[in-house]
Amino acid sequence: MLWTEDLKRSEFLRMAVSGGALTTPMARWLVSPPADPPYGTHASRRVGIDDVDAIRATLRMFERLDHQFGGGHARSAAVQYLSDAVTPLLHGSYTDAIGRELFSVAAQFTYKTGAMAYDVGVHGLARRYFVQALSLAHASGDRPLGGKVLALMSHQANYLGEYQDAVDLARGAALGARGQATPRIRAMYAAMEARGLASIGDKRACLRMMKQAEMNFGQSAGADEPAWIEYFDEAELQDELAHCFTALRAPRDAERHANLALGESSGLHPRSRTFCRLSLATSYLDAGDLPRACDTAIEAVEAAGRIKSARVRRYVSVFDRRLDDFGRQRSITEFRERAQTLMATAS
């Protein structure tokens, strides 16, 4: 398994993987017939629902650690758990129903570990985890879950500047899960496509997909949604829309959605709130309100605390570079002094 090699700190696993290279696993997933139920090796280790529930509970713990402290805090421990606890179960024996549940939660654990690698800037490794997760999701028979993996790939591609790949991956997610994805899942797919379109600068298509995301999300009330999409709540949707409007240089709309996201979000997600505050700060900058932009950015870096996240540092750096256009200003000096101290602490 991938995580066994990761524990050995293989340099090969950390080599770059282009966004375009992900089209092959996406295409295979799209055209593959439904997978047969996973089958065990008839080993002496009999896997039951209690084993699956234990993995789910452990995954929830790692998700909380990731949201609060960044991907660098517990990624190594997550890899160790995959190797020590999950691998033996995958090679155990189980019924068809338990096998599907087991491979589903293994896929979720794998893409979360990949997301941690993405957060700390080890992008080639993250992409390999995502491809592994896509394979596990396919084996579980859960098409919307496979789409979730492609949506994560899309998010990362957009972050890396591979905007068309981001759009293609998000569209692949929606296409592959068509007829099976719930309203909230469809909203997430649409939001990822909108993010890529915003980065490309295709305003009309982006606005259309943002509207689609909002419409799908509005249909989710009372729907039977899987537990893994619970994170995509009102705050998450508004945050994605704020990022879209920031990329489109529409400061008033970006400000409105960022404030909605912050109003709905939980203090249990300081990294997400940091990203959102920096989007809000950028909206003020685009509107010409430099002091307010810097004050908001200071709030963002102070709230980030000791989060171990390369993405947080990059967001701060991108905002800092935007300030070069404003010359020497007291508010800029204050922000840079605070940011330098706090980011050094979190490194």
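Bear in mind these aren't lab numbers, they're just calculated from the coordinates by the rules spelled out. Because the structure is a prediction, the values reported are computed rather than measured. Every residue, glycine among them, receives a Cβ derived from its backbone with ideal geometry; neighbour counts consider all protein chains shown.
Can you give the angle from 0 to 90° between the axis of helix 123-140 and the longest principal axis of the chain, with both taken from C-alpha atoms, to the nearest 10?
So the helix axis and the longest Cα principal axis differ by about 40 degrees.
Output needed: percent of Cα pairs per 10 Å distance bin for segment 1-179, bins running from 0 to the one holding the longest distance.
Pair shares across the bins are 10, 38, 37, 14, 1.
Nearest 10 degrees, 0 to 90: what angle lies between the long axis of helix 251-264 and the longest principal axis of the chain (Cα atoms)?
Result, in degrees: 50.
Taking only DSSP H segments of four or more residues, each worth -39500 (n - 2.57), what value at 222 nm results for the chain once the sum is divided by all its residues, to the nearest 500 deg cm²/dmol?
Dividing the helical sum by the residues of the chain leaves -23500 deg cm²/dmol.
Scan [x] 36, 23, 17; [y] 44, 21, 18; [z] 31, 28, 17 for the value of semi-axes √(5λ) of the Cα gyration tensor in Å calculated from this model and give just the label.
Read-out taken from this structure: [x].
Over segment 288-347, one equal point on each Cα, no solvent: what is log10 I(q)/I(0) by the Debye formula at q = 0.14, 0.23 Å⁻¹?
Reported log10 I(q)/I(0), two decimals: -0.34, -0.89.
Mean-square fluctuation check for the chain, GNM, Cα pairs under 10 Å: which of Val31, Val131, Val120 is largest?
Top of the fluctuation ranking is Val31.
Under the rule a/c < 1.5 gives rounded, and otherwise a/b versus b/c splits prolate from oblate, where does segment 20-86 land using the Cα gyration tensor?
oblate
So how much slack lies between Ala223 and Met1, counting 0.36 nm per residue of separation and subtracting their Cα-Cα distance, in nm?
Gain in length upon complete extension: 76.4 nm.
Going through segment 48-130, which trypsin sites (Lys or Arg not before Pro) have at most 15 other Cβ atoms within 10 Å and a DSSP loop state? Present the calculation step by step, with values, prior to reporting the outcome.
Working: sites: Arg56, Arg60, Arg64, Arg75, Arg100, Lys112, Arg127, Arg128; in loops: none.
Within segment 48-130, no trypsin sites (Lys or Arg not before Pro) qualify (loop, at most 15 other Cβ atoms within 10 Å).
If exposed means no more than 12 neighbouring beta carbons inside 10 Å and the site is in a DSSP loop, what's the longest run of the chain without any exposed GluC sites (Glu not before Pro)? Spell out each step's value before the answer.
Details: sites that count: Glu11, Glu230.
Counting only loop sites that pass the neighbour cut-off, the longest clear stretch is 12-229.
If we restrict to alpha carbons, what Rg and Dmax does segment 137-197 come to, in Å?
10.7, 32
Just how large is the dipole of the chain about the Cα centre, in debye to the nearest 20, putting +1 at every Lys and Arg Cβ and -1 at every Asp and Glu Cβ?
640 debye
For segment 181-236 and segment 272-347, compute the distance between their C-alpha centroids and round to whole Å.
For segment 181-236 versus segment 272-347, the Cα centre distance is 27 Å.
How many percent of Cα pairs in segment 58-136 exceed 18 Å? Please list the in-between numbers first.
Values: 1206 of 3081 pairs.
Value for segment 58-136 (Cα pairs over 18 Å): 39 percent.
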